[in-house]
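S.K.: One structure coming up, written as structure tokens, with questions to follow.
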Amino acid sequence: NFVYSKDSTPVLDSVTPNSGSSGQQITVKMSAAFKAAWTDVSKISISVGGVGCADVKAGSDKGTFTCKVGQTPAGTYPIDFIVAGVGRAFTEATFKSLLKVTKVTPAQGSLMGGTILTIEGTGFSSMGPDNTITVGGVQCRPRVVDNCHCAGLKYEGRVNCHTDRVYGYASALKRHYAKHFDFSNYARIECVVVSGHAAGKVDVAVEVGSEVSKLPQSYTFSEAMTPVVEMISPNPVAPSVAIKLKGTKLKALPVTDKQYYMNVWGFYEQFPSVSVYFGEIDPSMI
């Protein structure tokens with residue numbers, strides 16, 4: 001009762017330009033046999049790598065359409081061109097979404113790692129763990145934080161969280177019902193440098209799929225930025241006994257995150273001024 005028909009299959013001839021980043025306007029052109037048939041722009045949807053194009057318009061010639069590429073992660077993808085009531089077009093034309101690292105902050109941090117970096121650019125995967133980040137060859141783990149309010153998670157909260165994850169700086173309402181807060185998106189990654197490195201300037205690299213982008217000499221492992229604990233007292237110590245740490249560079253920087261502590265929906269994400277660990281440090285706690 002259903003026929004797959006070659007004659008009814010739209011054919012996409014070309015895409016220009018064939019590379020770019022979010023917001024890039026592209027023009028898609030239908031083959032001569034079909035360009036007169038598909039003129040109703042309201043029936044056309046275009047996407048690249050599963051991300052819909054915005055502002056789809058009919059071009060100056062019949063059978064051509066323009067749109068603006070969405071926030072597609074880095075990679076090369078066929079154009080998904082769909083005509084409502086007909087189906088998906090055949091095409092061998094592809095568009096390459098570009099990956100580029102443009103900024104790393106802060107510019108320097110501890111020799112021992114533990115620094116939270118913010119990496120800016122384009123073409124990142126919208127899910128932090130799908131990006132591979134290295135700082136002078138040292139792993140920088142994308143930050144994903146559990147919602148301590150959710151029932152069934154390790155904190156045994158009471159909220160029935162029905163959303164798996166949201167962007168870490170989304171609205172309080174969206175965060176309230178999400179199990180995890182992911183502090184990365186298409187143009188911004190937050191990650192934690194998980195181990196130490198010798199002093200000096202290093203490259204910061206982001207890898208998405210088979211694409212890699214580096215910002216050379218953009219981060220410095222700095223002795224001057226490394227806190228040093230010189231004395232612990234008393235030592236040895238018994239359980240429940242307060243201890244005092246003395247040393248250099250132990251004063252924390254001021255917290256700048258406006259969503260830092262409490263809001264109308266309660267506790268979500270706190271950056272403590274100072275954290276103290278005994279034994280091995282679990283990077284997921286930073």
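S.K.: Among the residues of the stretch 131-148, are any modelled with pLDDT under 90 and either touching a helix residue (DSSP H, G or I) at 6+ places or on another chain (Cβ under 8 Å) or on the phi > 0 side of the Ramachandran plot (or both)? Can you show your working first?
M.R.: Within the stretch 131-148, the subset modelled with pLDDT under 90 is 145-148.
So of that shortlist, the ones also either touching a helix residue (DSSP H, G or I) at 6+ places or on another chain (Cβ under 8 Å) or on the phi > 0 side of the Ramachandran plot (or both) come out as 147.
Taking every residue of the stretch 131-148 in turn, at least one turns out to be modelled with pLDDT under 90 and either touching a helix residue (DSSP H, G or I) at 6+ places or on another chain (Cβ under 8 Å) or on the phi > 0 side of the Ramachandran plot (or both).
S.K.: Take the residues of the stretch 84-93 that are of a type outside the set (Val, Ile, Thr) and in contact with a strand residue (DSSP E or B) (Cβ under 6 Å, 6 or more places away or on another chain): which is surrounded by the most Cβ atoms within 10 Å (Cβ to Cβ)?
M.R.: Across the stretch 84-93, the extreme among qualifying residues is ALA89.
S.K.: Determine the pairs where a residue that is within 18 Å of VAL11 (Cα to Cα), located within the stretch 51-74, has a partner that is among the charged types (D, E, K, R) and not in a strand (DSSP E or B) with Cβ atoms under 6 Å apart, the partner being 6 or more residues away or on another chain.
M.R.: As it stands, the answer is LYS62/LYS35; GLY63/LYS35, since those pairs meet every condition given.
S.K.: Could you tell me which of the residues VAL192, VAL166, VAL202, VAL208 is in contact with a helix residue (DSSP H, G or I) (Cβ under 9 Å, 6 or more places away or on another chain), more than 22 Å from VAL51 (Cα to Cα) and either among the polar types (S, T, N, Q) or buried (at least 18 other Cβ atoms within 10 Å of the Cβ) (or both)?
M.R.: Numbers: VAL166 fails: more than 22 Å from VAL51 (Cα to Cα); VAL202 fails: in contact with a helix residue (DSSP H, G or I) (Cβ under 9 Å, 6 or more places away or on another chain); VAL208 fails: more than 22 Å from VAL51 (Cα to Cα).
Testing whether each residue is in contact with a helix residue (DSSP H, G or I) (Cβ under 9 Å, 6 or more places away or on another chain), more than 22 Å from VAL51 (Cα to Cα) and either among the polar types (S, T, N, Q) or buried (at least 18 other Cβ atoms within 10 Å of the Cβ) (or both) leaves just VAL192.
S.K.: How many residues does the stretch 94-106 contain that are outside any strand (DSSP E or B) and open to solvent by 60 Å² or more (accessible area, probe 1.4 Å)? Working first, answer last.
M.R.: Just the residues of the stretch 94-106 that are outside any strand (DSSP E or B), to begin with: 98-99, 106.
The next check asks that each one be open to solvent by 60 Å² or more (accessible area, probe 1.4 Å); those that pass are 98.
Residues flagged as outside any strand (DSSP E or B) and open to solvent by 60 Å² or more (accessible area, probe 1.4 Å) within the stretch 94-106 amount to 1.
S.K.: Among what's in the stretch 179-206 and is in a strand (DSSP E or B) and among the aliphatic types (A, V, I, L, M), pick the residue that is nearest to MET127 (Cα to Cα).
M.R.: Initial filter on the stretch 179-206 (in a strand (DSSP E or B)): 179-182, 184-185, 188-193, 200-206.
Imposing the further condition that a residue be among the aliphatic types (A, V, I, L, M) reduces the set to 189, 192-193, 202, 204-206.
Working: ILE189: 9, VAL192: 15, VAL193: 18, VAL202: 25, VAL204: 19, ALA205: 17, VAL206: 13 Å.
Restricting to residues being in a strand (DSSP E or B) and among the aliphatic types (A, V, I, L, M), the top hit is ILE189.
S.K.: Looking only at the stretch 49-75, how many residues end up being in contact with a Lys or Arg (Cβ under 7 Å, 6 or more places away or on another chain), at pLDDT 90 or above and either surrounded by fewer than 16 Cβ atoms within 10 Å (Cβ to Cβ) or of a type in the set (Ser, Thr, Tyr) (or both)?
M.R.: Final tally of qualifying residues: 3.
S.K.: Out of all the residues in the stretch 227-259, which are under 16 Å from TYR277 (Cβ atoms) and at pLDDT 90 or above?
M.R.: PRO227, VAL228, VAL229, ILE232, ILE243, LEU245, GLY247
S.K.: Okay, next question. Looking at this structure, is THR118 assigned to a strand (DSSP E or B) and open to solvent by 30 Å² or more (accessible area, probe 1.4 Å)? Working first, answer last.
M.R.: Values: assigned to a strand (DSSP E or B): yes; open to solvent by 30 Å² or more (accessible area, probe 1.4 Å): no.
No, not satisfied.
S.K.: Tell me yes or no: at least one residue of the stretch 151-161 is touching a residue at least 60 places away in the same chain (Cβ under 8 Å), in contact with a strand residue (DSSP E or B) (Cβ under 8 Å, 6 or more places away or on another chain) and open to solvent by less than 50 Å² (accessible area, probe 1.4 Å). Working first, answer last.
M.R.: Of the stretch 151-161, the ones touching a residue at least 60 places away in the same chain (Cβ under 8 Å) are none.
Within the stretch 151-161, none of the residues are touching a residue at least 60 places away in the same chain (Cβ under 8 Å), in contact with a strand residue (DSSP E or B) (Cβ under 8 Å, 6 or more places away or on another chain) and open to solvent by less than 50 Å² (accessible area, probe 1.4 Å).
S.K.: Give me a count of the residues in the stretch 61-89 that are of a type outside the set (A, V, I, L, M) and in contact with a Gly (Cβ under 7 Å, 6 or more places away or on another chain). Working first, answer last.
M.R.: Let us first name the residues in the stretch 61-89 that are of a type outside the set (A, V, I, L, M), namely 61-68, 70-73, 75-78, 80-81, 85, 87-88.
Applying the additional criterion that residues be in contact with a Gly (Cβ under 7 Å, 6 or more places away or on another chain) yields 65-66, 68, 70, 72-73, 75, 77.
Looking only at that region, the number is 8.
S.K.: Among the numbered conditions (1) at pLDDT 95 or above; (2) closer than 14 Å to ASN185 by Cα, tell me where THR102 comes up short.
M.R.: All conditions are met except number (2).
S.K.: Let me ask you something else. Does LYS174 fit the bill of being basic (Lys, Arg) and either under 26 Å from LEU99 (Cβ atoms) or assigned to a strand (DSSP E or B) (or both)?
M.R.: Details: basic (Lys, Arg): yes; either under 26 Å from LEU99 (Cβ atoms) or assigned to a strand (DSSP E or B) (or both): no.
Spelling it out, it is not the case that LYS174 is basic (Lys, Arg) and either under 26 Å from LEU99 (Cβ atoms) or assigned to a strand (DSSP E or B) (or both).
The values are calculated or read from the model by the stated rules, or taken from the named source; none is laboratory data. Please read these numbers as outputs of a predicted model, since none were measured by experiment. Every residue, glycine among them, receives a Cβ derived from its backbone with ideal geometry; neighbour counts consider all protein chains shown. Ligands, DNA and RNA are stripped out before the accessible areas are found, and what is left, the full protein with its side chains, is counted by its heavy atoms. Shrake-Rupley method; radii C 1.70, N 1.55, O 1.52, S 1.80 Å.
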